[in-house]
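A short write-up of the structure that comes next.
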There are 4 protein chains.
Amino acid sequence: MKIGFIGLGNMGAPMALNLLKNGHSLQAFDLSEAALRKLADAGAAACASPKAAAADVELVVTMLPAAAHVRGVLTDEQGVLAGIAPGVTIVDSSTIDPASVQAFAKLAAARGNAFVDAPVSGGTGGAAAGTLTFMVGANETLFADVEPVLRAMGKNIVHCGDTGMGQVAKICNNLLLGITMTGVAEAMSLGATLGIDPKVLAGIINTSTGRCWSSDTYNPYPGIVDTAPASRGYTGGFGADLMLKDLGLAVDAARSAKQPIFLGALAQQLYQAMSAGGQGGLDFSAIISLYRSRASQ
Amino acid sequence: MKIGFIGLGNMGAPMALNLLKNGHSLQAFDLSEAALRKLADAGAAACASPKAAAADVELVVTMLPAAAHVRGVLTDEQGVLAGIAPGVTIVDSSTIDPASVQAFAKLAAARGNAFVDAPVSGGTGGAAAGTLTFMVGANETLFADVEPVLRAMGKNIVHCGDTGMGQVAKICNNLLLGITMTGVAEAMSLGATLGIDPKVLAGIINTSTGRCWSSDTYNPYPGIVDTAPASRGYTGGFGADLMLKDLGLAVDAARSAKQPIFLGALAQQLYQAMSAGGQGGLDFSAIISLYRSRASQ
Amino acid sequence: MKIGFIGLGNMGAPMALNLLKNGHSLQAFDLSEAALRKLADAGAAACASPKAAAADVELVVTMLPAAAHVRGVLTDEQGVLAGIAPGVTIVDSSTIDPASVQAFAKLAAARGNAFVDAPVSGGTGGAAAGTLTFMVGANETLFADVEPVLRAMGKNIVHCGDTGMGQVAKICNNLLLGITMTGVAEAMSLGATLGIDPKVLAGIINTSTGRCWSSDTYNPYPGIVDTAPASRGYTGGFGADLMLKDLGLAVDAARSAKQPIFLGALAQQLYQAMSAGGQGGLDFSAIISLYRSRASQ
Amino acid sequence: MKIGFIGLGNMGAPMALNLLKNGHSLQAFDLSEAALRKLADAGAAACASPKAAAADVELVVTMLPAAAHVRGVLTDEQGVLAGIAPGVTIVDSSTIDPASVQAFAKLAAARGNAFVDAPVSGGTGGAAAGTLTFMVGANETLFADVEPVLRAMGKNIVHCGDTGMGQVAKICNNLLLGITMTGVAEAMSLGATLGIDPKVLAGIINTSTGRCWSSDTYNPYPGIVDTAPASRGYTGGFGADLMLKDLGLAVDAARSAKQPIFLGALAQQLYQAMSAGGQGGLDFSAIISLYRSRASQ
């Protein structure tokens, strides 16, 4: 299939490479010439604008940092909507707010194009390995159309409901993730301070009602899970500033829905404190540093 | 073994019955004559005081509502310490603060008695079925001594470390449980408000990084987990007022340890609001009512 | 002076009327024809667009609900920037985020126009009486220019610093106001529950270190301050949904500045709960209902 | 009047000296011999126990760190209740929880003694100068009896209601104080980060709806109020650990009353974080350090 691909950053570049590897032909665009050249070297056609990348393709994929970038890429004079043929679907894998998805879908529909939200989880590792999870918001027909293409980049392609529901799923999951990780940080720190062996405590939690992914797979306390960032200085993994961004999306979505999220809003502030302290580049499990290292600061 | 058993409430009574069933002989005491008579009918010797129940036994087990009751049962004129023989171990299965455990262990040691903390999880159902989990704080020798007796009442007998660490394990697990349950309530409510099918959302969370016991086994949103209290009007299960009590113990322990627990303290207030609203008798997963039913109140 | 005035809502209309009363000549615009006609009846020239209202005037004043409206009014094809003469200053009295102010100032500067932020406090009462407080962000020269015009609509014209600082002042004050009001609600509710006479408690607070405007002038407990909304069913005053909007601006500004505001974020969620409960139209001091009426709900 | 005085710490010693200066005769006790000797040098009779200090006096005053100490001083074998004559009133100026006050009043009543709670504000400076504020819980008759004695140690003697209401008043005021101070810290920090001159911001707040004692008299931002601890390195004043203790009393009282206090519980955790960071000895306005110095830590 001939695909237009816009956004060749840490996530987008390996995703585009996987499309190439799976036999698709690509028209690519990125603001960074270096990123664009790298993909051209791998066989993609380098384009001068989103408009050019979207011309004469069967599908457009975008992977951008935030809603403002998606808006620009779509609506600028040299944007996707200026070049795309009617009937061609746009799949946006950026993580953005559901309200923007609805707005973009409306803009696209006015030109005769469908807009599918398909944010991912799995990080740069999953993007490179082609094992991402895609959370897709689309009607049944559209989902059936895009699913085979997404399978070239991911392992789990989950249909979350209609337009926007892919973002809702991702935002709600990451809201809960930010809360459980901070909760595990509190429970492990309190236990350690009170004298229990952290490994014993983690063992009890993991076979009891406190059990969660943040405890049994990604425990923030050093030395509990060998493969977790906590056991290698909180490097790699899912950056705290990305968690902060996602909690911000959750708080914004909650605001527009007038739905209070007390713990989520507090977790956002805690991640903000972590980021303000210069640690936003660490893995998000390093939130435990707010609880553990104070006395020694 | 001849055992003194003090505290025949909703939890204590079935625990004592299981000891009888397993061939132990019991000297029982409770302030309620009805509770006492019921156990006497089952074969226990009814005693007039904790002192009497502790006389000439090989082990004493206490199961009481709070630390103040344990203190009274131990130190009153007609208390356990006035009747117990030196060398006999006291196992306290109440859920109390670790500092009180240390204090009681010191009082017991002064009389030549060991004091073991062994709080349980599993609820009244687990107490009746003999499938409780015991979280035990004791040195290796003591643990080996009491473990066979506890096995008559429970399935998992977990050695958590030295004196007090049973309580630490329980408090930290339940702190995390209160946080994850409230977090799931927020994520599910936000998702539902934003329009995603709650079953789809739960399915995504349960196979993703938000996964936790509160989501996959005990989801607070009605209709997600058939066996969860949410699917039967929040009856049965683990009462919200008990969760409120345990969060209070966590906040107190954190205070004495000067260990901040931001989310835990906020969860405590949310459970307090729920209790103040007259819903403290419901299952603790009904915390979701703070998020869902406001508009219709 | 000939002034273009855009935005004739609950606040804008009385402000515009005061400009007329003080001898200024007005070119007015509003999307609502009724609002526009009302001002025309009072002597203003009714215009067909912001562009028309801004043509041939010496100053433009805008009073709009949110940043998105200001952006539209400025940049639409029929917007202010399409009609305004170079050198004419735009004074925006809307309450919006400081980052948008900077963006709008940049857009205006590109056309040779200055942009001054001048949000107000004082409510519709103050707008009608001409006793508003204006918090002005502008350099010294610009402040001197606009101050006489603002004086026709307000009593206190406060110079808060350069562009954007008017909004910063308003946002920070209202952040603190949301926190102190909620704090007074907590202290008064706790005291009343514990049995102290609320009037006695308020008297002690007001002469002690807890003293604040929310306690001595606008106490949320009924019957303490005769002139406060609490003594007339929480009607009139400053609406809870407006406080919710301002807390949202504070949380957003804090996010962009990576500055944690723990209590502010929690207050936002509490106002969100109040609004979700259908009480967003009441005065913001009705936040005390979250604390007081639960048991009787 | 002949008075028994127990507790000669930083607060108690200068209070006792003021009683001596006002012509009262004192029987004093403290666990510290040095403290006791110092008061004996000033003219008090040094006693060997609370019992001895309470013998043959017309009034007993106690000033102790926490409820546990008051209980001990009252009920120990060598305690006040063992030595005091029937009909003599006990005035406790310690800051403790209202529930303990009720319990102590009951114990005293059983011996024929009245128990009055009279916690103070004003710090060690006020204690030395005799300008303390006393918040008194007592019936009308008792209040009239003790008021003249308290006037020897304080300037404002406030009748807060019946037994326990002195503590309720102090706890509620200090709960609000902890919230407003943290709120001012948030508003000032956010404003400064966003670029407004902190003096200008404080000036606006102090003449607007955010006005409070924590802002206009004791502003936590350095350089705003010359006489505030913030302008002398946060030394002197009211220690953060004392605020932490009082917020703990508020949270405990709220728990027993099932009254949620969301902001208060969060403020407690913030003060706990400050204390855990080794800054509990600073003035409580140094809570602003949680907001300002992160990036530079």
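At a glance:
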read-out	value
Residue in the stretch C:212-222 that is hydrophobic (A, V, I, L, M, F, W, C) and within 20 Å of D:ARG211 (Cα to Cα) present	yes
Positions within the stretch B:98-127 being within 14 Å of another protein chain (Cβ to nearest Cβ), among the β-branched types (Val, Ile, Thr) and within 17 Å of B:LEU59 (Cβ to Cβ), in sequence order	B:VAL120
Qualifying residue in the stretch B:198-207 (condition: closer than 30 Å to A:MET165 by Cα, in contact with a strand residue (DSSP E or B) (Cβ under 7 Å, 6 or more places away or on another chain) and outside the structural domain of B:GLY12 (by TED's automatic domain parsing))	yes
Scope the stretch B:181-212; condition closer than 20 Å to B:ASP226 by Cβ, at the interface with another protein chain (Cβ under 7 Å from one of its Cβ atoms) and among the β-branched types (Val, Ile, Thr); matching residues	B:VAL184, B:VAL200, B:ILE204, B:ILE205
Options D:MET181, D:MET135: the member that is under 30 Å from C:GLY178 (Cβ atoms), surrounded by 24 or more Cβ atoms within 10 Å (Cβ to Cβ) and not assigned by TED's automatic domain parsing to the domain that holds D:MET15	D:MET181
Selection count, the stretch B:139-153, where residues are more than 13 Å from every other protein chain (Cβ to nearest Cβ) and either touching a Lys or Arg at 6+ places or on another chain (Cβ under 9 Å) or surrounded by 20 or more Cβ atoms within 10 Å (Cβ to Cβ) (or both)	5
Subset of the stretch D:159-180 (residues that are at the interface with chain C (Cβ under 7 Å from one of its Cβ atoms) and hydroxyl-bearing (Ser, Thr, Tyr))	D:THR180
Output for the stretch A:1-16, where each listed residue is surrounded by fewer than 18 Cβ atoms within 10 Å (Cβ to Cβ) and touching a strand residue (DSSP E or B) at 6+ places or on another chain (Cβ under 7 Å)	A:MET1, A:LYS2
Complete set of residues in the stretch A:245-262 that are within 19 Å of D:GLU186 (Cβ to Cβ) and either crowded, with 24+ Cβ neighbours inside 10 Å or of a type in the set (S, T, N, Q) (or both)	A:LEU247, A:VAL251, A:PHE262
Answer from A:ALA276, A:ALA253, A:ALA265 - the residue that is away from chain D (no Cβ under 14 Å), assigned to a helix (DSSP H, G or I) and among the aliphatic types (A, V, I, L, M)	A:ALA253
Condition met for B:GLY154 (in contact with a Leu (Cβ under 8 Å, 6 or more places away or on another chain) and modelled with pLDDT under 95)	no
Residues that are at negative phi, part of a loop (DSSP other than H, G, I, E, B) and surrounded by fewer than 16 Cβ atoms within 10 Å (Cβ to Cβ), drawn from the stretch B:198-242	B:THR207, B:THR217, B:ASP226, B:THR227, B:THR235
In the stretch A:26-42, residue surrounded by the fewest Cβ atoms within 10 Å (Cβ to Cβ) [restricted to those that are in contact with a Leu (Cβ under 9 Å, 6 or more places away or on another chain) and among the small types (Gly, Ala, Ser)]	A:SER32
Residues of the stretch D:279-297 that turn out to be among the small types (Gly, Ala, Ser), in a helix (DSSP H, G or I) and farther than 19 Å from A:SER289 by Cβ, as a count	2
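Matching residues to (1) over 28 Å from A:ALA254 (Cβ atoms); (2) surrounded by 23 or more Cβ atoms within 10 Å (Cβ to Cβ); (3) not assigned by TED's automatic domain parsing to the domain that holds A:PRO119:
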site: A:ASN18; (1), (2), (3): yes, no, no
site: A:ALA44; (1), (2), (3): yes, yes, no
site: A:ALA67; (1), (2), (3): no, no, no
site: A:ARG71; (1), (2), (3): no, no, no
site: A:GLY87; (1), (2), (3): yes, no, no
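The values are calculated or read from the model by the stated rules, or taken from the named source; none is laboratory data. Source: prediction; values computed, not measured. A quick note on method: Cβ atoms are made from the backbone with ideal geometry, for glycine too, and the neighbour counts reach across all protein chains shown.
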